[in-house]
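What follows is a single structure, written as structure tokens, with notes after it.
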Amino acid sequence: MSRDIIVLTPNGRRMKVHCTADTNILQVLEDVCAKHGFEATEYDLKHHNHVLDLTTTIRFCNLPNKALLEMVEAERKRLESNVTVGLMLNDGERIMGDFSPNTSLYDLITSLAPNELPSFKNPTILYMRQEVIGLPALKEKTLRQLGLLTGRAILRLLDKTEQATQANVSSVYRRIPEKVELMSNEKKLQENKINDKDAGPSGVHIHEDTHTTFDPIKLIQREKETKAVPPAQSLESSNIESMDTSEPQHCGRAIKEEKSEPPKPVMTQENLERRLRIEEEVTFVGSQKAIAFMQPDIEEDEISDLPDDFYELSIEEVRKMYHELQQRRIELENTPMLTTTKRDEIAQQTSLQKLNTYKNVVVRIQFPDNIILQGVFTPTNTVQDVQNFVREHLHHSDKPFHIFTTPLKEMLDPKMTLLEAKFVPCVHMHFKWIEGGAVEPYLKEEIYLKKTTSDAASILASKYRAPNRRKLEESTNNPQNGNQPSSSKQSKMPKWFKK
């Protein structure tokens, strides 16, 4: 959305600048100075006796439309220096470099990541909610135009093929429209009145006004009657339930939210039998019970603009949040301070408990072509064992590669065990060649022909990463038995205390 900024020059003139919310304050200053013949490096912009940061945008300065800015002399002339830029790639890798403010974004990308640009259809640089999309825009845009004159900054390079609908929202539960909800409520009211037993003496049902008011006293009386009625009278209880659900318009938001909750999955006999025979359904492609499957494409309709009531909290939600905060505060106040030795001892007990609880670790390695290689390991296996497992299934087994976890791309120590890396009971890794770009196919050709369905792979993973209940019970009982001798030793009276 465009807006106007009014700048008051030192000679008393006012100049109106047309800009957007993502326009830099430096760009506004330079435009005014270029028109009136001032030196931009000798002036600052002030708003309500507050000197604005020239590297920020109008959005982050909270400047309203037709805001009045005043040009004031700077305390000292601004000097430009090289900007340290960190270019973040899609895989989380961050490449650093120093550039002058007049460097274009295209030259910056070609110098830091020359292999990434040819693989992008629509390369985009993202910085402080400013998006520079396409090669022509990257060649024209410079670091100065982004407001970068000195210091450090992080730019994100991505391939923006589709316009994002909403930030930080992966999938949103779609509410039932009000019109459809009102129509369904009217239908339920009519059905309840038709099935009502309270008919007149001639057998004609009495129709009341559909827009009845909600009476909480009657609702409480109905609940007391339902508690007093024995469970054998199923017909009457069903009628009472239908009467309670026939008034959702007046019961507030809590009843609507209860109705909008999706049904919980029920473990049927068929699902249990499939879980027991899942190994017959999948196709193993190598050692460690290796299987390969494609990442499922989730196509869910997302709401581009959510209504305001979506973010409103009900009274029960506020009470629950307040109760959780109180419990958290009490826990923090009652938690004793621990020494480093005690913390290490607790961490060792936690690792031992995991080792006794889980006997398998499900490891998934996702490749750039969205195929996932899954294997089953033990907690004592090392990262080097996982790398050897991946190398066995690669099409180019002699080419160097590395596996890592995200977010905040973290390289793994090959000598570290899966238990020490906190990968128990499951972990999701990513694959990348060390040298060169994407070389397909990544896995052997026969593996692509023996792919397993994603739901079968999920059932197999849940089967092997399930905890061992017997070992869990033993681990919980052993510390209690071990603490008894220590308590008896502590109760002994020292020799020097004896008379």
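The values are calculated or read from the model by the stated rules, or taken from the named source; none is laboratory data. Not measured: the values here are computed from a predicted model. Because the Cβ atoms are built from the backbone with ideal geometry, glycine has one as well, and the counts that use them run over all protein chains shown. We work out accessible area using only protein heavy atoms, side chains counted, and drop any ligands, DNA or RNA first. Shrake-Rupley method; radii C 1.70, N 1.55, O 1.52, S 1.80 Å.
On inspection, Thr350 passes the criterion of being among the β-branched types (Val, Ile, Thr) and at pLDDT below 85.
Just one of the numbered conditions (1) aliphatic (A, V, I, L, M); (2) farther than 19 Å from Ala438 by Cα; (3) open to solvent by less than 70 Å² (accessible area, probe 1.4 Å) is not true of Ile372: (2).
Residues are listed down the side, and each one gets a yes or a no for (1) at pLDDT 80 or above; (2) at negative phi; (3) open to solvent by 50 Å² or more (accessible area, probe 1.4 Å):
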site	(1), (2), (3)
Ile403	yes, yes, no
Leu418	yes, yes, no
Ile434	yes, yes, yes
Ser458	yes, yes, yes
Gly482	no, yes, no
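Residues in the stretch 442-461 that are among the hydroxyl-bearing types (Ser, Thr, Tyr) and in contact (Cβ under 8 Å) with a residue 12 or more places away in the chain: Tyr442, Tyr448, Thr452, Thr453, Ser454.
Inside the stretch 343-368, can you point out the residues that are touching a Phe, Trp or Tyr at 6+ places or on another chain (Cβ under 6 Å) and open to solvent by 10 Å² or more (accessible area, probe 1.4 Å)? Let's see the steps before the verdict.
Of all residues in the stretch 343-368, those touching a Phe, Trp or Tyr at 6+ places or on another chain (Cβ under 6 Å) come to 360-363, 365, 367.
Result: Asn360, single match.
Ile109 meets the conditions (1) over 15 Å from Arg156 (Cα atoms); (2) touching a residue at least 24 places away in the same chain (Cβ under 8 Å) in every case but one. The failed one is (1). For the stretch 98-149, a residue qualifies if it is at positive phi and surrounded by fewer than 19 Cβ atoms within 10 Å (Cβ to Cβ), and the qualifying residues are Met128, Arg129, Gly134.
Mind checking which pairs have a first residue in the stretch 123-135 that is within 10 Å of Asp22 (Cβ to Cβ) and a second that is part of a strand (DSSP E or B) and polar (S, T, N, Q), Cβ under 8 Å, 6 or more apart or different chains? As it stands, the answer is Met128/Thr57; Arg129/Thr57; Gln130/Thr57; Glu131/Thr124, since those pairs meet every condition given. Within the stretch 274-291, the set of residues being aliphatic (A, V, I, L, M) and free of Cβ contacts under 8 Å to residues at least 60 places away in the same chain comprises just one member, Leu276.
Being part of a loop (DSSP other than H, G, I, E, B) and open to solvent by less than 60 Å² (accessible area, probe 1.4 Å) is the filter here; which residues of the stretch 49-77 pass it?
Within the stretch 49-77, the subset part of a loop (DSSP other than H, G, I, E, B) is 49-50, 52-56, 58-66, 74-77.
Correct list: Leu52, Leu54, Thr55, Thr56, Ile58, Cys61, Leu63, Ala74.
Note on the stretch 344-401: residues that are assigned to a helix (DSSP H, G or I), basic (Lys, Arg) and more than 29 Å from the chain's Cα centre (by Cα) amount to 1.
Here is the figure for the stretch 123-142: residues that are under 25 Å from the mean Cα position of the chain (by Cα) and part of a loop (DSSP other than H, G, I, E, B) total 2.
Thr84 passes every criterion in (1) out of contact with any Leu (no Cβ under 9 Å at 6 or more places or on another chain); (2) in contact (Cβ under 8 Å) with a residue 40 or more places away in the chain; (3) surrounded by 18 or more Cβ atoms within 10 Å (Cβ to Cβ) apart from (3). When the stretch 1-35 is filtered for residues that are in contact (Cβ under 8 Å) with a residue 60 or more places away in the chain, in a helix (DSSP H, G or I) and open to solvent by less than 10 Å² (accessible area, probe 1.4 Å), the ones remaining, listed by number, are Ile25, Leu26.
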